[in-house]
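**Student:** Below is one structure. I have some questions about it.
The values are calculated or read from the model by the stated rules, or taken from the named source; none is laboratory data. In this text, all values refer to a predicted model and were calculated from it rather than measured experimentally. All Cβ positions, glycine included, derive from the backbone under ideal geometry; neighbour counts span all protein chains shown.
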Amino acid sequence: MVDVIGAAELLGHESDAEMLAVRLAHAQRLGNMGWAEWHLHTGETIWSDQVYVIFGRDPADGPIALPELAEHVEPADVGSLDRLLWSAVQGVEAVHAEFRIRRGGELRDLRVVLEPLAGGPVGLHGVIQDITSRRRAERMVSESRRQLLEAREQAAEERHVMLALREAILPEPPGCLDLPHTRIAVRYVPAEKTASLGGDWFEVAPAPDGRLLLAIGDVSGHGLPAIAHMAQLRHALVGLAMTGQPAHKLLAWLNDLVLHQLQDTTATAIIGHLDPETRVFAWSQAGNLAPILVRDGLARQLGQPRGVLLGATSGRPYELATTKLLPGDLLLMFTDGLVERRTRDIGVGLDLALAAARDVPARDLEAGLDRLLADIGGPNPEDDACLLAVRMLGPGDEPPATGEDAQGVRP
């Protein structure tokens, strides 16, 4: 009976040992690691099965002896192996290093931890792990970071160039312009994303007949091509405006220019003439959102005259509308980048702009525009925008009349 119990215990222990061995082998495969022993006095070398897999070596060929290990290491990394072995045989603590081997013509990254066998410097025990996938992932991450940094630096440089070009073409106006019966402020708001800088523009200039030319527009596309087309369109308007022709005629000419000179391009625009004495604003539009008029604390969009996109078609007339402005009125002309966002309906943006326009103060137009921009969500990440504001002054708002006020019109 005792013999039976002993046999059963022995079988149980053997079963436990087999299960432990299976689990250990599974763990080595999952971690792509194995163990090795090198007995220095006898020259005996023992490898676990996974080490053969790591080295791509047939178990029938046996393990690699310690003196021959350097022959399988990438020449540039032999020094790392030598230092590892020297430290391992000299000390009592575990030491580790990384080096590369060639397996089937492919470089593999190994991490090796060595420690002396129990009983003194009679041999070494090591754990060898193939960390090729980890190092490749780290190199990929490092390369991605490098490329991202280069892309950011390039984007910053491109943004600097494009903003400098825009500033040369479309200089920022020096604060508020106080004219007879009129105060004007302009904002150009660049897109947050460099690639989204586009062709939004404005123009404020005296017409030959004493009226004031007010215009904004947006050329389709982004980047340097859109900026170049914007410059052509704006400069053409400045020249054509010297003819004294009304706004709808100017738009018709600009439409011909876009159709025949700026192929594969479209643009929106509002062009108007403001008579400072009569306060009549005569304007036309080409596919642009109608201006906002704020009067007596109420904000609304003006009725929009007919007009198609510049460059869309020929032979379609542009209508001329007239709006009589009153002292205290605020007129806001803007491109769609001001109110349009990818994350919301354009109607929501218009409602925000109408609500914010009511709060623009009469005496501080500059600060009022800054607050309006903040209230509608700040700069548009995807598109730039132009905002041109005209405040009709009342008797108590008129600035002192000077020659500088009458001449300093162009931004």
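**Student:** Could you please tell me which pairs satisfy a Cβ distance under 9 Å, a separation of 6+ or placement on different chains, a first residue in the stretch 49-62 that is free of Cβ contacts under 8 Å to residues at least 24 places away in the same chain and part of a loop (DSSP other than H, G, I, E, B), and a second residue that is of a type in the set (Ser, Thr, Tyr) and buried (at least 16 other Cβ atoms within 10 Å of the Cβ)?
**Tutor:** 58/52; 62/45
**Student:** Would you be able to tell me the number of residues in the stretch 298-327 that are among the acidic types (Asp, Glu) and at pLDDT below 95? Even if it seems obvious, please write down each step before you answer.
**Tutor:** Taking the stretch 298-327 as the starting set, the residues that turn out to be among the acidic types (Asp, Glu) are 319.
Then drop every residue that is not at pLDDT below 95, which leaves none.
Adding up the residues that qualify gives 0.
**Student:** A further question follows. So is residue 136 assigned to a helix (DSSP H, G or I), surrounded by 17 or more Cβ atoms within 10 Å (Cβ to Cβ) and either at pLDDT below 65 or not assigned by TED's automatic domain parsing to the domain that holds residue 50 (or both) or not? Steps first, answer last, please.
**Tutor:** Working: assigned to a helix (DSSP H, G or I): yes; surrounded by 17 or more Cβ atoms within 10 Å (Cβ to Cβ): no; either at pLDDT below 65 or not assigned by TED's automatic domain parsing to the domain that holds residue 50 (or both): yes.
The answer is no for residue 136.
**Student:** Another question, then. Restricting attention to the stretch 311-326, and to residues there that are touching a Lys or Arg at 6+ places or on another chain (Cβ under 8 Å) and surrounded by 15 or more Cβ atoms within 10 Å (Cβ to Cβ), which single residue is farthest from residue 246 (Cα to Cα)?
**Tutor:** Result: 325.
**Student:** In the stretch 84-118, which residues are in contact with an Asp or Glu (Cβ under 8 Å, 6 or more places away or on another chain), in a strand (DSSP E or B) and either among the small types (Gly, Ala, Ser) or free of Cβ contacts under 8 Å to residues at least 24 places away in the same chain (or both)?
**Tutor:** Across the stretch 84-118, the qualifying residues are 95, 111.
**Student:** Taking the condition modelled with pLDDT of 85 or more, surrounded by 14 or more Cβ atoms within 10 Å (Cβ to Cβ) and small (Gly, Ala, Ser), does residue 126 pass? Quick ask: steps written out before the conclusion?
**Tutor:** Numbers: modelled with pLDDT of 85 or more: yes; surrounded by 14 or more Cβ atoms within 10 Å (Cβ to Cβ): yes; small (Gly, Ala, Ser): yes.
In short, yes.
**Student:** Criterion first (under 19 Å from residue 54 (Cβ atoms), at pLDDT 90 or above and buried (at least 16 other Cβ atoms within 10 Å of the Cβ)) does residue 103 satisfy it? Full working, then the answer.
**Tutor:** Numbers: under 19 Å from residue 54 (Cβ atoms): yes; at pLDDT 90 or above: no; buried (at least 16 other Cβ atoms within 10 Å of the Cβ): yes.
When the stated conditions are applied, residue 103 does not pass them.
**Student:** Could you list, in sequence order, the residues of the stretch 211-235 that are outside any helix (DSSP H, G or I) and more than 13 Å from residue 268 (Cα to Cα)?
**Tutor:** If we filter the stretch 211-235 for residues that are outside any helix (DSSP H, G or I), which is where we start, we get 211-222.
The answer is 211, 212, 213, 214, 222.
**Student:** On to the next question. Which numbered condition trips up residue 113, out of (1) buried (at least 17 other Cβ atoms within 10 Å of the Cβ); (2) at pLDDT below 90; (3) of a type in the set (A, V, I, L, M)?
**Tutor:** (2)
**Student:** Among the numbered criteria (1) in contact with a Phe, Trp or Tyr (Cβ under 7 Å, 6 or more places away or on another chain); (2) loosely packed, with under 13 Cβ neighbours inside 10 Å, which one does residue 272 miss?
**Tutor:** Every condition holds for residue 272 apart from (2).
**Student:** Across the stretch 347-398, which residue is modelled with the highest pLDDT among those that are over 35 Å from the mean Cα position of the chain (by Cα) and surrounded by fewer than 13 Cβ atoms within 10 Å (Cβ to Cβ)?
**Tutor:** The first filter runs over the stretch 347-398 and keeps only residues over 35 Å from the mean Cα position of the chain (by Cα), leaving 362-363, 391-398.
Imposing the further condition that a residue be surrounded by fewer than 13 Cβ atoms within 10 Å (Cβ to Cβ) reduces the set to 363, 395-396.
Values: 363: 78, 395: 70, 396: 65.
Only one residue fits best here, namely 363.
**Student:** Search the stretch 371-392 for residues that are over 25 Å from residue 327 (Cα atoms) and pair each with any residue that is basic (Lys, Arg) and assigned to a loop (DSSP other than H, G, I, E, B) when their beta-carbon atoms are under 7 Å apart and the residues are at least 6 apart or on different chains.
**Tutor:** As it stands, the answer is 381/193; 382/193; 382/342, since those pairs meet every condition given.
**Student:** Looking at 278, 335, which one is modelled with pLDDT under 95, of a type outside the set (Gly, Ala, Ser) and surrounded by 20 or more Cβ atoms within 10 Å (Cβ to Cβ)?
**Tutor:** Values: 278 fails: surrounded by 20 or more Cβ atoms within 10 Å (Cβ to Cβ).
The conditions single out 335.
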